[in-house]
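Single-structure report; data block below.
The values are calculated or read from the model by the stated rules, or taken from the named source; none is laboratory data. Bear in mind that the values here come from a model prediction, so they are computed numbers and not experimental data. Counting neighbours? That spans all protein chains shown, and the Cβs are built from the backbone with ideal geometry, glycine included. Ligands, DNA and RNA are stripped out before the accessible areas are found, and what is left, the full protein with its side chains, is counted by its heavy atoms. Shrake-Rupley method; radii C 1.70, N 1.55, O 1.52, S 1.80 Å.
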Amino acid sequence: MTHYRFHILCCGGTGCKASNSAGIVRKFEAVLKEKNINDVQVITTGCFGFCEKGPIVKILPDNTFYVQVKEEDVENIVNEHIIKGRKVERLLYTDPKANAHIADSKHMGFYKKQMRVALRNCGFINPEDIREYIARDGYAALGKVLSEMTPEQAIEEMKKSGLRGRGSAGFPTGKKWELARTLVPNAEQKYVICNADEGDPGAFMDRSILEGDPHSIIEAMAICGYCIGATKGLVYIRAEYPLAIRRLQIAIDQAREYGLLGKDIMGTGFEFDIELRYGAGAFVCGEETALIHSMEGQRGEPTIKPPFPAVKGYNGMPSNVNNVETFANVPVIYLKGADWFSKIGTEKSKGTKVFALAGKINNVGLIEVPMGTTLREIIYEIGGGIKGGKKFKAVQTGGPSGGCLTEKHLDTPVDYESLAAAKSIMGSGGMIVMDEDNCMVSIAKFYLDFTVDESCGKCTPCRVGNKRMNEILDKIIKGNGTMEDLDTLKNLANVIKDTALCGLGQTAPNPVISTLDNFYDEYLAHVKDKKCPAGQCKDLLSYVINPEKCIGCTACARKCPVNAITGVVKQPQTIDQEKCIKCGTCIDTCKFGAISKQ
């Protein structure tokens with residue numbers, strides 16, 4: 001066995017691959033071969049989380065963290081770090097507060113307040129090598145459960161841990177498993193279903209786990225199968241996740257080869273196997289009954305519950321549905337114990353939560369924090385604050401079904417109850433930050449556009465109600481809204497919330513309700529003053545040239561795509577408001593600050 005002096009870990013998540021991390025890996029391998037260096041191993045891992053600074057290269061054992069690495073940097077890293085033992089300082093992360101380089105990720109603000117449980121192996125192992133997962137206690141939890149616990153004991157341990165579903169609803173996982181085991185005890189067949197249909201805009205939590213640690217999901221599904229009495233597992237994954245699909249299939253094949261899937265697992269007589277099912281990217285198929293119908297080859301529409309999937313699920317058989325992140329927590333709970341897990345988080349929300357932190361934030365990335373961490377800590381300490389030094393305006397939690405929270409909510413702990421009290425939701429973990437330049441009426445319309453497009457159309461409140469709300473919002477941002485429209489909007493939102501068929505329809509009005517509650521003054525400005533305070537709604541804008549600042553260089557007129565700017569050279573120019581399409585080219589062109597939006 002080769003003893004390696006260094007391990008070079010290169011991020012192989014989708015984000016870094018899009019920035020040529022695969023080329024960086026090939027370059028490392030070529031340079032090491034060329035220099036006849038045989039005691040250095042190059043490993044493609046899953047996502048490190050710090051997507052803003054990718055591609056990322058981490059070198060062990062000294063834990064040096066290089067950011068925004070390019071293919072042309074590779075030879076420099078090998079010459080300086082690997083051969084001479086000197087860090088390449090220009091590639092180290094620069095702390096913007098201290099204006100100093102940080103070599104070890106443990107000391108970066110982005111990682112300091114994180115606690116990686118579901119993401120424990122992402123960025124540490126090669127997800128395509130089962131031996132690396134096993135080396136980090138992989139499949140030990142399955143062995144422990146099969147050899148030391150009855151299904152009932154294992155379910156009690158899960159209930160004791162306090163783990164709740166990370167898909168959105170937050171239903172206790174142990175209780176869900178217990179129902180799947182006991183409600184139809186003598187079923188001919190039971191199924192374990194993993195929901196990997198991640199449909200929220202800006203969300204990439206489940207994808208990153210599957211890309212970086214697929215074996216943890218396989219192990220967890222097998223444990224769940226043992227607990228509820230199922231021999232078959234199904235992963236419902238959207239076809240837009242080719243890398244996650246490939247790595248998951250590799251992991252399933254390896255697990256079968258090692259006897260960790262199939263018949264007589266670990267010599268215990270337990271049988272369990274997993275297959276993949278592909279989704280076409282319908283948001284509504286994140287709802288468990290719609291997901292099951294889609295897997296059965298039917299239209300992806302939800303059905304009224306009861307019966308719940310625990311009684312009548314896939315092919316009419318009892319089924320347990322958990323999402324990827326929920327399953328990712330399972331093996332570590334059995335290895336470290338329910339007491340260990342339940343000490344993390346808050347009284348009612350145990351453990352950690354993974355978020356895709358995106359939007360107008362300095363440190364875009366995948367984060368995992370203990371439940372109870374405040375929004376302020378996430379945005380300003382982990383996220384590094386708002387881009388460009390602009391003012392924070394709102395944060396959307398819970399994706400298109402969530403709410404927009406304001407500055408007054410920054411000290412809200414991130415847990416199921418606190419977010420619900422603030423009229424938002426945890427959701428699956430999307431967290432999008434907005435600054436002073438965002439128009440909250442337009443934001444509400446953006447999310448409603450998505451919901452209207454993604455509605456399955458089965459129930460009238462969602463199919464018709466959301467469309468009517470969208471039409472009203474369209475009127476408002478075009479300057480045609482009335483005060484009666486605001487009353488209608490609020491009434492419609494509350495009716496849809498109370499009457500829609502499934503959870504997705506019931507939460508669809510949340511962005512409208514929360515923006516009406518928290519940014520009513522912006523709605524009033526659009527309706528009464530016919531102005532967009534953020535300067536984003538084109539129909540409510542005018543581009544005006546200040547004659548005192550304009551020197552008549554005509555640069556703006558030459559760049560205007562619709563010839564809306566006229567005037568004499570060396571004299572102030574004017575903008576024809578009828579012709580102006582509000583594209584902003586004139587503002588970008590003017591070097592004298594003579595043009596403004598009003």
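Descriptive notes on the structure:
- When only Cα pairs below 8 angstrom with a gap of at least 6 residues are kept, the range 215-333 shows a relative contact order of 24 percent.
- Cleavage-rule hits (trypsin sites (Lys or Arg not before Pro)) in the range 279-358: DSSP loop, at most 16 neighbouring Cβ within 10 angstrom: R299, K343, K348
- S342, S161, ranked by accessible area, largest first (probe 1.4 Å): S342, S161
- At R0 = 25 Å, FRET efficiency that the Cβ-Cβ distance of R26 and R256 yields, to 0.05: 0.25
- Whether the range 391-453 is rounded, prolate or oblate, judged on the alpha carbon gyration tensor where a/c under 1.5 counts as rounded: oblate
- With the simple spin-label model, which puts each label point 7 Å out from Cα in the Cβ direction, the K597 to W340 separation comes to 5.1 nm.
- The range 395-515 shape via C-alpha gyration tensor axes, a/c threshold 1.5: oblate
- The modelled label-to-label distance for the pair L60/K35, using points 7 Å beyond Cα in the direction of Cβ, is 2.1 nm.
- Taking the helices alone, the chain has a mean residue ellipticity at 222 nm of -10000 deg cm²/dmol, built from -39,500 (n - 2.57) per DSSP H run of at least 4 residues and averaged over all its residues.
- Loop-located GluC sites (Glu not before Pro) across the range 191-250 with a Cβ neighbour count of 16 or fewer within 10 Å are E240, with loop assigned by DSSP.
- Label point at K175 placed 7 Å out along Cα→Cβ; residues across the range 325-356 whose backbone nitrogen lies under 15 Å: 348-350
- Applying the criteria of a DSSP loop state and at most 14 other Cβ atoms within 10 Å to the trypsin sites (Lys or Arg not before Pro) of the range 9-100 yields K35, K70, K84, R86, K97.
- Extended-chain gain in nm, criterion 0.36 nm per residue less alpha-carbon gap, F446 and E347: 32.1 nm
- Contour minus Cα-Cα distance for Q189 and Y4 (0.36 nm per residue): 61.8 nm
- A Förster distance of 25 Å, applied to the separation of the beta-carbon atoms of D529 and D487, puts the FRET efficiency at 0.85.
- Within the shell of other residues whose beta carbon sits under 10 angstrom from the beta carbon of G229, the net charge comes to +2, with Lys and Arg scored +1 and Asp and Glu -1.
- Taking the DSSP beta bridges with both ends in the chain, the antiparallel portion is around 55 percent.
- Entry for percent of Cα pairs over 44 Å apart (calculated from the structure that is shown) out of (1) 27; (2) 34; (3) 49: (1)
- Shape of the range 158-268, Cα gyration tensor, a/c cut at 1.5: oblate
- Mean sequence separation of contacting Cα pairs (under 8 Å, at least six apart), scaled by the length of the range 54-201, corresponds to a relative contact order of 10 percent.
- Separation of the range 213-229 from the range 149-164 is 13 Å, based on Cα centroids.
- Net charge contributed by nearby residues that have their C-beta within less than 13 Å of G170 (K/R +1, D/E -1): +4
- Of interest is the spacing of the C-alpha centroids, which for the range 50-64 and the range 526-598 amounts to 45 Å.
- Charge tally in the Cβ shell below 13 Å around N323, where Lys, Arg are +1 and Asp, Glu are -1, N323 excluded: -1
- Residues T566 and K160, FRET efficiency given R0 of 51 Å [Cβ-Cβ distance, rounded to 0.05]: 0.10
- Estimated distance in nm for a label pair at K475 and C553, the labels positioned 7 Å out from Cα along Cα-to-Cβ: 4.5 nm
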